[in-house]
Amino acid sequence: MPVAKIHVLEGQYDEARLGKVSRAVQSGLISALGIPPEDFFQIIHVLPRSQFLHTPSFLGLKYSDGLIVLEITFISGRTREKRLGLLKALNDEVVAAAAISPDDLMITFYEVPGENISFGRGLAQRAHISDENEGKARIAHIASSTRESRPTRMHCDCCPAFIIKS
């Protein structure tokens with residue numbers, strides 16, 4: 001379900017180069033997340049300089065006019081390791097395809113619950129994914145919170161569950 005928004009500066013990317021970037025983004029999503037190839041949703045914005053503004057450097061990184069701002073929206077529930085792997089895969093693929101500096105790819109992920117997305121007909125076709133992930137996370141949290149030796153009943157700080165520690 002990932003939706004990719006690719007933002008670039010006008011005059012820096014012709015159709016062929018944008019096609020390479022598009023394919024690299026999809027390839028990174030497939031390799032890192034295991035999505036099927038037909039799960040393909042992208043929006044490409046080619047913006048005039050007056051609408052594509054950024055600092056020349058930040059956090060020790062140097063940005064050129066070839067900067068690509070990539071936004072990926074997907075259903076929440078992937079592990080931290082999976083998201084970090086996706087950052088690396090996207091950077092590797094897009095940097096090679098666009099022939100840009102590794103500094104010139106800024107990536108932002110937006111995670112949303114499955115019930116907040118409709119692929120059509122006004123239905124939340126992936127609502128169950130968020131429910132499954134939330135349940136797994138709660139079970140793992142409770143299991144990890146009950147590994148102490150003294151029995152104690154306490155309220156969990158991050159969810160409405162009570163935990164009995166033994």
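Rule-based calculations on the coordinates, nothing more; no lab input. Because the structure is a prediction, the values reported are computed rather than measured. All Cβ positions, glycine included, derive from the backbone under ideal geometry; neighbour counts span all protein chains shown.
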DSSP loop GluC sites (Glu not before Pro) in region 32-136 with at most 12 other Cβ atoms within 10 Å of their Cβ, which ones? Glu38
Taking 25 Å as R0, compute the FRET efficiency from the Cβ-Cβ separation of Leu87 and Arg121 and round it to 0.05. 0.15
Would you mind counting up the charge near Gly11? Only other residues with Cβ under 10 Å from its Cβ, with Lys and Arg at +1 and Asp and Glu at -1. -2
Model label zone, His54; criterion: amide N under 14 Å from point 7 Å along Cα-to-beta-carbon; scope region 65-80: 65-72
Between Glu38 and Asp14, what FRET efficiency follows from the Cβ-Cβ distance if R0 is 35 Å, with the result rounded to 0.05? 0.85
Near Ser31, within a Cβ-to-Cβ distance under 15 Å, what is the net charge of the other residues, with Lys and Arg +1 and Asp and Glu -1? +1
As a footprinting exposure proxy, order Ile68, Ile107 by other Cβ within 10 Å, with the fewest listed first. Ile107, Ile68
Residues whose built amide H sits under 5 Å from the amide H of Leu105, excluding neighbours closer than 5 in sequence, are Ile68
How much net charge surrounds Tyr63 when only the other residues with a Cβ under 11 Å from the Cβ of Tyr63 are counted, with Lys and Arg +1 and Asp and Glu -1? -2
